[in-house]
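First the structure, in the form of structure tokens, and then the observations on it.
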């Protein structure tokens, strides 16, 4: 069974600075997808970034980037130029591809609560 | 606007009562999911459905039931057998396009259930 671990329950960062959130996972699969979701105080789940395991290049979406280390099973999220609106819970998640027998469901870590301070 | 709606936003239940949480989507998605979120926990899968009239148990299905009579709707019933039902419940949906190895999962705004 796959597991996702986020070891930082809470973090804080000053506005405009950079912060990195950690995530490790365990799987015997070779191909899979990894995600970072943001859940602001509104509690709406928002997809931040996605990484496909067969791609060596790290995914980037504007101020958000990942450091994907497949051998180490590590998937960290870096937020550059932090903004007040980045304050949220951040969840790391795992999904097997459909051809891997997946039903399309996500396996989540417990989350990291990020506070951006002015 | 296409999207997923969940109702009600807040729901209060007395112990021993069954309650039903609504989830509707107009995205024409075949697959739908129910997750439960507790403080300090990630989201855990309760039930999922890949097609109308078919659904499967997830990791924490005990005390819950679902139906999938229409493609657009996937209601979740929290029964009196659920020992600790107070939680935040999220519904999600995705396409089942198997020509893609991945289809993005879209989430509803959630329902907060409190047992009094």
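Just one of the listed residues (B:12, B:88) is surrounded by fewer than 21 Cβ atoms within 10 Å (Cβ to Cβ), modelled with pLDDT under 95 and assigned to a strand (DSSP E or B), and it is B:12.
From the residues in the range A:87-118 that are without any contact (Cβ under 8 Å) to a residue 60 or more places away in the chain and either in a strand (DSSP E or B) or surrounded by 20 or more Cβ atoms within 10 Å (Cβ to Cβ) (or both), which one is farthest from the other protein chains (Cβ to nearest Cβ)? Taking the candidates together, the pick is A:88. For the range A:2-37, the tally of residues that are in contact with a helix residue (DSSP H, G or I) (Cβ under 8 Å, 6 or more places away or on another chain) and crowded, with 21+ Cβ neighbours inside 10 Å stands at 1. Residues that are without any contact (Cβ under 8 Å) to a residue 60 or more places away in the chain, touching a strand residue (DSSP E or B) at 6+ places or on another chain (Cβ under 8 Å) and assigned to a loop (DSSP other than H, G, I, E, B) within the range B:72-83 comprise B:72, B:74, B:75, B:82, listed in sequence order.
Restricting attention to the range A:51-71 and to residues that are closer than 22 Å to residue B:106 by Cα and part of a strand (DSSP E or B), the residue that is nearest to the other protein chains (Cβ to nearest Cβ) turns out to be A:52. Out of all the residues in the range B:25-42, which are within 18 Å of residue B:5 (Cα to Cα) and either in a strand (DSSP E or B) or within 7 Å of chain A (Cβ to nearest Cβ) (or both)? Answer for the range B:25-42, where residues must be within 18 Å of residue B:5 (Cα to Cα) and either in a strand (DSSP E or B) or within 7 Å of chain A (Cβ to nearest Cβ) (or both): B:25, B:31, B:32, B:33, B:34, B:35, B:36, B:37.
If you go through the range A:39-50 and pick out every residue that is buried (at least 19 other Cβ atoms within 10 Å of the Cβ) and within 11 Å of chain B (Cβ to nearest Cβ), you end up with 2. In the range A:1-31, of all residues being more than 14 Å from the chain's Cα centre (by Cα) and facing chain B (nearest Cβ under 10 Å), the one that is farthest from residue A:60 (Cα to Cα) corresponds to A:1.
The values are calculated or read from the model by the stated rules, or taken from the named source; none is laboratory data. None of these values were measured; they are calculated from a predicted model. Counting neighbours? That spans all protein chains shown, and the Cβs are built from the backbone with ideal geometry, glycine included.
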